[in-house]
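Take a look at the structure set out below.
Nothing in this text is a laboratory measurement; each read-out follows from the coordinates by a stated rule. Every value quoted in this text rests on a predicted model; they were computed, and no experiment measured them. All Cβ positions, even for glycine, are placed from backbone atoms using ideal geometry, and neighbour counts span all protein chains on display.
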Amino acid sequence: MLHGVGSNGKSVFLELLEALVGRENTSAESLQKLEFDKYRPAKLYGKLVNICGDIPDVKMQKSENFKKLTSGFDLRDWENKYQDPFTFKNTAKLIFSANAIPEGKKDRAYYRRWILIRFPNNFEGENTDKSLITKLLTPEELSGFLNLALDGLKRVRENGKFSNEKSIEATQKEYEFNSDPVAAFMDECTQI
């Protein structure tokens, strides 16, 4: 989950990622639609990545589909509208961005599936480059980004984890702070 207030590069990053993977290998389902619309998970079949920017901060009342889609193990029947159900194991990585993270289901299994990436900068006014994505999507730049991605893949395989991976507790704390700051304040700064 990429998060941070607007005009900070999340959409540029997602567009660059889609260009690297290829539009034909990408779906664009929101976290909420994957969870609440029974036909949406089938859209991930045969895709490498699901990229959805600017998801709403609608509270996640359940997370069953999200957990199954991110487990890497669960075979599940999914269906397209007016078609027979079919079974597949999801291989698409789920990537979302949000200005405000939706409040989530409060259990360890939910939080351990997240890697939260904060986009703290703001690119407005003098910092704006309206043609940045055009500059980044040239074959030379894409080749450079692919090399960076391959170096990252090598590190993940050698270390068995991402270099910035946090504990489940740290991820839960960051998630809750960014999805429900009042509850986070109450938890950290008040005593009953």
Task: In nm, spacing of pseudo-spin labels at E140 and R23 (7 Å Cα→C-beta vector) - done: 2.5
Open item on the list: Using 18 Å as the Cα-Cα cut-off, could you pick out the over-long pairs in K59/K106; K10/K33; K10/K106; K62/K105; K47/K135; K38/K89?
Closed with: K10/K33; K10/K106; K47/K135
TODO: Compute the distance in nm between two label points, each set 7 Å from the Cα along the Cα-to-Cβ direction, one at A183 and one at F162.
DONE: 2.2
Open item on the list: Per-residue counts of other Cβ atoms within 10 Å, averaged by peptide: what ranking do you get for 109-116, 84-91, 25-32, 129-136, highest first?
Closed with: 25-32, 109-116, 84-91, 129-136
- [ ] Just the Kirkwood number for the stretch 36-99, please: inverse of mean 1/r across all distinct Cα pairs, in Å, one decimal.
- [x] 12.7
- [ ] Springs between alpha-carbon atoms under 10 Å, Gaussian network over the chain: tell me which of E35, E15, E140 tops the mean-square fluctuations.
- [x] E140
- [ ] Give, as a single signed number, the net charge of other residues whose beta carbon lies under 15 Å from the beta carbon of G4, with Lys and Arg counted +1 and Asp and Glu -1.
- [x] -2
Open item on the list: From the convex hull of the Cα coordinates of the stretch 84-147, what is the mean projected area in square nanometres?
Closed with: 8.8
Task: Long-range tail of P(r) for the stretch 1-110 (Cα pairs > 24 Å, %) - done: 24
Open item on the list: Taking the Kirkwood radius as the inverse of the mean 1/r across Cα pairs, report the Rg/Rh of the stretch 117-179.
Closed with: 1.10
Task: Reference-scaled alpha-carbon Rg (2.2 N^0.38 Å with N residues) for the chain - done: 1.11
